[in-house]
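Visitor: Structure incoming, see below.
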Amino acid sequence: MAPTITKIESIEFGYPLEDRAPSPEGFDLAYYPGETTTRHLYGLRIHTDEGITGEYVGGNSPAMAQVNTVADYLVGKNPLYREKHWSEMKRALRKYDQMGIGPLDIALWDFAGKYKDQPISEMLGRYRDSIPVYASTLGGDRNGGLDSPEAYADFAEECLEMGYPGFKMHMWGGKWRDTQGVIDTVHAVGDRVGDEMDLMLDLSCNLETIGEALKVGRACDEQDFFWYEDPYRDGGVSQHGHRKLRQQLDTPVLQTEMVRSVEEHTDFIAEEATDFVRVDPEYDAGITGAMKITHVAEGFGLDVEYHAPGPAHRQCIGATRNTNYYEMALVHPETDNTTPPIYAGGYDDQLDSIDKNGRIEIPTKPGLGVEYDWDYIYENQTGSIHTYE
């Protein structure tokens, strides 16, 4: 008999981030010695009559509101019909950004891998067993961490010595925004390690004008940066704006973190508005959606770069030819990464998680290839448990 979904559970939990607090504008985290911030995530479990549970931990409250809209649809269905369920959920969430599909789709893939006793990457078609990693920094601060061009250069050199082949800077934003400081940092890091590392710059849409974006981009040109990401305040969604930007720069542009769906990614590519294509299985409608975008990019002869670290990202990367790096985000010289302490069995995404060659392995256990510490998740519950059955 075919397997059947019997119920779905989601639980909100929190965990502490030490030495971090909201930056001056209140939207991003920054280094604040002695401060502690609680981050909230969600644990999702899809139970079946096979006694096998599909699991995923991540998401945010807007995405889980969308999960609440579509989870009932899945109960009683065959969990192996991922493509069918993906299409139905996409239609149901057509008026929204569809980020609620991601956690459910990833959990369905986790079930399928466990059911078939294979890692997801093998089900997709294994291409690689490991991949190089770039260090991707926490945003800049003014508190004795990444507070100057020299501090960024020092940290880049530290990452190089650890074995990292690439280094990406997230810079100062909000009241700390400083265009000339960004330019100075590009040169400081480029002069220090540019001959030995691939360098990237991600401004998280902080610059207010394309004029500022051009000034910073020309500094990246001078230092031969590998890519230039989300520089200015159109929210990262203007195809015309980024086409005009890349026409005036030599540094490749990386876009599409801020757009959703395979269609919007395809349009961005077809309009020649990006050189690298950003993709994220949690943001882009799950592993199903992420792999559709990956293959669209492949058809246009472009590379995809997966946003952020995580087990779903590793499984996708394990089945992707046209990608260069794994992003170890958000690292800092004085504090740990923001990865939650929810994994058993040795999995982690921290600054020191790479091997001596600056690479990470693709997990080979069934499904996502990781074991979640559900005791920790339930002990740190911060919201009600939602059950759909």
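The values are calculated or read from the model by the stated rules, or taken from the named source; none is laboratory data. Here the structure is a predicted model, which means the values were calculated and not measured. Positions of Cβ are backbone-derived with ideal geometry, glycine not excepted, and every protein chain shown enters the neighbour counts. Side chains included, ligands, DNA and RNA excluded: accessible areas come from the protein's heavy atoms. Shrake-Rupley method; radii C 1.70, N 1.55, O 1.52, S 1.80 Å.
Visitor: Please list, in chain and number order, the residues 5+ apart from ASP336 or on another chain whose amide H is under 5 Å from its amide H, with Hs placed from the backbone.
Guide: The answer is none.
Visitor: Binning at 10 angstrom from zero up to the longest distance, how are the C-alpha pair distances of segment 167-306 distributed in percent?
Guide: 13, 43, 33, 11, 0
Visitor: Treating the beta-carbon of each Lys and Arg as +1 and of each Asp and Glu as -1, no other charges, what is the dipole magnitude of the chain about its Cα centre, to the nearest 20 debye?
Guide: 1520 debye
Visitor: Among PRO62, LEU74, TYR42, flag the residue with its Cα farthest along the positive direction of the charge dipole of segment 1-89, charges on Cβ as +1 for Lys/Arg and -1 for Asp/Glu.
Guide: So the residue furthest toward the plus end is LEU74.
Visitor: Counting Lys and Arg as +1 and Asp and Glu as -1, what is the net charge of the other residues whose Cβ lies under 12 Å from the Cβ of HIS240?
Guide: -1
Visitor: If you wrap a convex hull around the Cα atoms of segment 24-102, how much volume per residue is inside, in Å³? Each step should come with its number before you reach the end.
Guide: Details: hull volume 9.6 nm³, N = 79.
Output value, Cα hull per residue: 121 Å³.
Visitor: How far is helix 149-162 tilted, in degrees, relative to the longest principal axis of the Cα atoms in the chain, given as a value from 0 to 90 rounded to the nearest 10?
Guide: Compared with the principal axis, the helix lies near 50 degrees.
Visitor: Enumerate the amide H contacts of LEU203 below 5 Å, restricted to partners 5 or more residues apart or on another chain; note that Pro and chain-start residues carry no placed amide H.
Guide: Sorted by chain and number, the residues that satisfy this are GLU229.
Visitor: Next question. Can you tell me the orientation of helix 101-116 relative to the chain, as the angle in degrees between its alpha-carbon axis and the longest Cα principal axis, to the nearest 10?
Guide: Result, in degrees: 60.
Visitor: Per 0.36 nm of contour for each residue apart, how much would the distance between PHE27 and GLU389 grow if the chain were fully extended, relative to their Cα-Cα spacing?
Guide: Numbers: separation 362, 0.36 × 362 = 130.32 nm, distance 3.61 nm.
In short, 126.7 nm is gained.
Visitor: Round to a whole number: what % of the accessible area of the chain belongs to carbon and sulfur, probe 1.4 Å? Please report the intermediate quantities before stating the final value.
Guide: Values: 6660 of 15390 Å².
So the carbon and sulfur contribution to the accessible surface is 43 percent.
Visitor: For an R0 of 30 angstrom, estimate the FRET efficiency from the Cβ-Cβ distance between LEU80 and GLN350 and round to the nearest 0.05.
Guide: For LEU80 and GLN350, the calculated efficiency is 0.30.
Visitor: What pairs from LYS168/LYS356; LYS244/LYS292; LYS7/LYS84; LYS95/LYS116 go past 30 Å between their alpha carbons? If you can, show how the numbers build up before the last one.
Guide: Working: LYS168/LYS356 19 Å; LYS244/LYS292 27 Å; LYS7/LYS84 18 Å; LYS95/LYS116 35 Å.
Check vs 30 Å cut-off fails for LYS95/LYS116.
Visitor: Please report, in whole Å, how far the alpha carbons of the chain spread along each principal axis, starting with the longest.
Guide: For the chain, the Cα extents along the three principal axes come out at 63, 47, 38 Å.
Visitor: Calculated from DSSP H runs of 4 or more alone, at -39500 (n - 2.57) each and per residue, what is the 222 nm mean residue ellipticity of the chain, nearest 500? It would help to have the intermediate numbers written out before the result.
Guide: On the way: 12 runs with 134 residues, N = 389.
Mean residue ellipticity, 222 nm, calculated: -10500 deg cm²/dmol.
Visitor: Among CYS220, GLY345, GLY174, whose Cα sits farthest toward the positive end of the charge dipole of the chain (+1 at Cβ of Lys/Arg, -1 at Cβ of Asp/Glu, about the Cα centre)?
Guide: The residue sitting farthest along the positive end of the dipole is GLY345.
Visitor: A further question follows. Using amide H atoms built in the peptide plane, which far-off residues or other-chain residues are under 5 Å from LYS77 H to H?
Guide: Close amide H contacts, sequence-distant or interchain: ILE5.
Visitor: Calculate the FRET efficiency for GLN248 and GLU361 from the Cβ-Cβ distance with a Förster distance of 45 Å, rounded to the nearest 0.05.
Guide: Using R0 = 45 Å, I get an efficiency of 0.65.
Visitor: Among 26-35, 194-203, how do they line up by average Cβ neighbours within 10 Å per residue, starting with the highest?
Guide: My ranking of the peptides, most packed first, is 194-203, 26-35.
Visitor: With r defined as the distance between the Cβ atoms of GLU334 and THR4 and R0 fixed at 51 Å, what FRET efficiency is calculated, to the nearest 0.05?
Guide: Efficiency, rounded to the nearest 0.05: 0.55.
Visitor: Compute the angle between helix 179-193 and the longest alpha-carbon principal axis of the chain, please, reported from 0 to 90 degrees and rounded to the nearest 10.
Guide: Between the helix axis and the principal axis of the chain, the angle is about 90 degrees.
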